[in-house]
Structures are given as structure tokens and as C-alpha cells.
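The values are calculated or read from the model by the stated rules, or taken from the named source; none is laboratory data. None of these values were measured; they are calculated from a predicted model. No Cβ is skipped: glycine too gets one built from the backbone with ideal geometry, and neighbour counts run over all protein chains shown. Side chains are part of the model used for accessible areas, which takes the heavy atoms of the whole protein and leaves out ligands, DNA and RNA. Shrake-Rupley method; radii C 1.70, N 1.55, O 1.52, S 1.80 Å.
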Amino acid sequence: MLEFLLRIFRAIGRAIAWPIVWLWHRYLRASWIVQAVVGVCVIGFVALYGYFVWTTQVWTNFNPDYADAYAFEKRNVTAGEQVGDPASASTTTGSAAAAKTCGRSAIADVSADLTDFNVNQNAWISSMLLFKLGFFGMSWDDTPFLDNKASFQRGINQAVRRTTTELADNLGRLRGTSQVDSDLQSARGNMQFDEYTWYFGLRPFGPKTPTPSYYRDAIKSLRAFNTRLEKCGAVFDARADNLIQFIDRIANDIGGTSAILKDRAENHANGWLDPRADDRFWFAYGQLYGYYGLLKATHADFEEVLRTRNLDNLWKQMEEQTRSALNIQPFIVSNGAEAGWLMPSHLITMGFYILRVRSNLVEISNALSR
């Protein structure tokens, strides 16, 4: 029996090696010009795939506690609130009155920094040529490897997209009736751009501006808005009704993700053999990763509203629950039975944390509405 198995393995080995050996002999018999061209192409192909694999596996500056660096708890000013003294003047130089100063928007800062993390500190995977080509024509999202970081980035992007829309439509305008801020409008438009565009496309045919360029422009627009806001040259309307609408949008956004996880867990419970479980999980993880910092930023921007409504403790509880979800970092994402032992359901676990966060958002929204 052992001899029979060895013969089978030898036959399989010969079948795999034969084309490679044949190509190698043809390569050795070719002219030096052909050898040079083929050699350069092979080296370039190997280097390109090596870079692609390295990029998908190395998560630069990934840190679930990234929001702590902002020290939002030390802020004591609402976004857009004037903190300078416009009546003061320099008595030593005889210059004009000191310039007004207003509070920056932590939401805009975190949105810009999250996008910077996605496209500058890391390469944007979803629009890379080799990601678009897939694995022998199969989308990387349909395979169990090399797509986790791309899904994570798209999850963060989803949170930032939702946020820039709210900034442009409501938060950056007075009662939604004033003119839309030009920088926020630009940021919203750029963040809505397709996530998969490379330098060249077929539909329509021709050269294109790649996705990361649009997102980098959004970063510039968000930071330009905050620069003007800090000089009291822009508006941030930190009213309770704006906060209600914003957190309702977030609750709906993560609620949709929870439904996607639930559907996958119930209808494709194949344990470690579900090739789509990982990208579903890491998209949800990235979304919560983004919203964790954005919710802490919202706490800072709406500090007065939350303090006067006695909602600080409930908001902090929600932040802690969002952070707890980021502790789930499985080496291999499993979509097994809910009570599985060897192959647990990481999708159900993540869905549970999402629903806890959503429940807190709904509770805060109801409290603000009363």
C-alpha cells in the first residue's frame, strides 16, 4: 500500500514538474536576447507579486487604541466654539485686535487621519492591479487569503464616507439652511468615489485617476475645513438634533453590517472552509475600528450637549464596548456553528458586539430626543 501511494505521489510530481522542466530547457536554448527579455519579465513578475503579498500582510500603524493619542478627554471646548478674545489687543506693538480662535472639529480630524492611514501610511489594496486581476481570474474576496486588509480598509472607508456626508449635509452648516461648505462638499464627493479604480480601465476605455488620489484630496479638504474652523472662518453646528441624526445614521450603518454577518453565519456555516467569512469579518472590524475613533471625536465635538444631558457615562460605556470588539483578532476567521467548539463562529461574536454598540446608540438617541 505504501509503495502504491509513493508511485502516485511520484506521478503527480512528474506531471507538475514536466512543464517547468520543458520551459527551462527551451529557455536555455533560446538566444540571449530572448533570455534577457524573459528573465526581466519573470523577475518583474516575482517582484510585483512579492510587493503585493507584503503589502497585504503588513498593516502599518495598526493600533486599536489609536484614539487615545488624541487625548480628547483633555479638551474643554465644543467644535466651532469661540475660545479667543476678539476684543483683546496687543499693547506692546500697537497691532490690530488678536485674531479669534475657535475649537477644531475632532470628527474632521479623525476622518482625515483614518483616510491617511488607509492610503498614505498603507497602500490602498482594492485598486491595486494584482488585486483587481484576482487569483487566476477569481476575485480575491472569494478566496480565503490576501483579502483581509482590503476588507478592513473598506470597512474604515465606509465609516468615513458616512461621516463626511453628515459633515457636509448637517454638521458643517447652520441648521441645514446655510450654504454647503465648499471643503466639506469636496471631501464628501471625493470619499464617495469608487474603491477599485486603477490607473487604466476598460469601461470606459482609457487612463484614469486612481482611487487613492481622490481620497488624498478628501484629506486635504477636511484639513482645510478645520484650519478655517480654527480661525472661526467656518461653521460646526454642535446642536442636539444634529447629534441625534448623526448617531442614527451610524446605528443604521452598523445595523446593516450586522445583518450581513447574520446572513452569512446562518446560511454558510462551513467553519474554516468558508472563503467569504474573513472579508465579512474584517469589513465589520474595520468599520468599528473607524467608528471607535469617530465616536470618541463626536464626544469631544458635542461635549456640551452630552454634559448638559447627563449622557457622558452612557457615551463612555458605548466607547468601551466598541473598543472591546476590537480585541477580536482571530488568526483564521471561522464561520462555524454558533455552539461550535473546534470551529467557532467569529461572525456571530462580532455581530453581537455590533448590536451592543447599536443598542447604546439608540438609547442615547432616545435620551436626546426627550
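Within the set Asp181, Asp142, the sole residue that is buried (at least 18 other Cβ atoms within 10 Å of the Cβ), at pLDDT below 95 and not polar (S, T, N, Q) turns out to be Asp181.
Of all the residues that make up segment 136-159, how many are farther than 19 Å from Ala123 by Cα, without any contact (Cβ under 8 Å) to a residue 24 or more places away in the chain and of a type outside the set (A, V, I, L, M, F, W, C)?
Restricting attention to segment 136-159, the residues satisfying the condition of being farther than 19 Å from Ala123 by Cα are 136-138, 142-144.
When the remaining residues are screened for being without any contact (Cβ under 8 Å) to a residue 24 or more places away in the chain, the result is 136-138.
If we keep only those that are of a type outside the set (A, V, I, L, M, F, W, C) too, we end up with 137.
Matching residues across segment 136-159 total 1.
Within the bounds of segment 155-166, is there any residue that is under 22 Å from Arg249 (Cα atoms), open to solvent by less than 30 Å² (accessible area, probe 1.4 Å) and assigned to a loop (DSSP other than H, G, I, E, B)? No - not one qualifying residue is present in segment 155-166.
For every residue, the table says whether it meets (1) over 16 Å from Ile156 (Cβ atoms); (2) touching a Phe, Trp or Tyr at 6+ places or on another chain (Cβ under 9 Å).
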| site | (1), (2) |
| --- | --- |
| Asn252 | yes, no |
| Tyr289 | no, yes |
| Tyr292 | no, yes |
| Asn313 | yes, no |
| Asn335 | yes, yes |
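Considering every residue within segment 200-209, establish whether at least one is touching a Ser or Thr at 6+ places or on another chain (Cβ under 9 Å) and either at pLDDT 95 or above or open to solvent by 20 Å² or more (accessible area, probe 1.4 Å) (or both). Taking every residue of segment 200-209 in turn, at least one turns out to be touching a Ser or Thr at 6+ places or on another chain (Cβ under 9 Å) and either at pLDDT 95 or above or open to solvent by 20 Å² or more (accessible area, probe 1.4 Å) (or both). Listed here are the helices (runs of 4 or more DSSP H) enclosed by segment 230-346 that have at least 1 residues being without any contact (Cβ under 8 Å) to a residue 12 or more places away in the chain and either open to solvent by 30 Å² or more (accessible area, probe 1.4 Å) or more than 20 Å from Glu363 (Cα to Cα) (or both): 240-267, 303-308, 312-325. Taken as a whole, the condition of being open to solvent by 40 Å² or more (accessible area, probe 1.4 Å) and either at pLDDT 90 or above or touching a Phe, Trp or Tyr at 6+ places or on another chain (Cβ under 7 Å) (or both) applies to Leu129. Filtering segment 220-229 to residues that are surrounded by fewer than 19 Cβ atoms within 10 Å (Cβ to Cβ) and farther than 16 Å from Cys102 by Cβ leaves only Lys220. The set of residues in segment 99-123 being farther than 19 Å from Gly293 by Cβ and either at pLDDT 95 or above or in a loop (DSSP other than H, G, I, E, B) (or both) consists of Ala99, Lys100, Thr101, Ala123.
Considered as a group, the residues in segment 34-72 that are hydroxyl-bearing (Ser, Thr, Tyr) and surrounded by fewer than 13 Cβ atoms within 10 Å (Cβ to Cβ) include one that is nearest to Arg323 (Cα to Cα), and that residue is Thr60.
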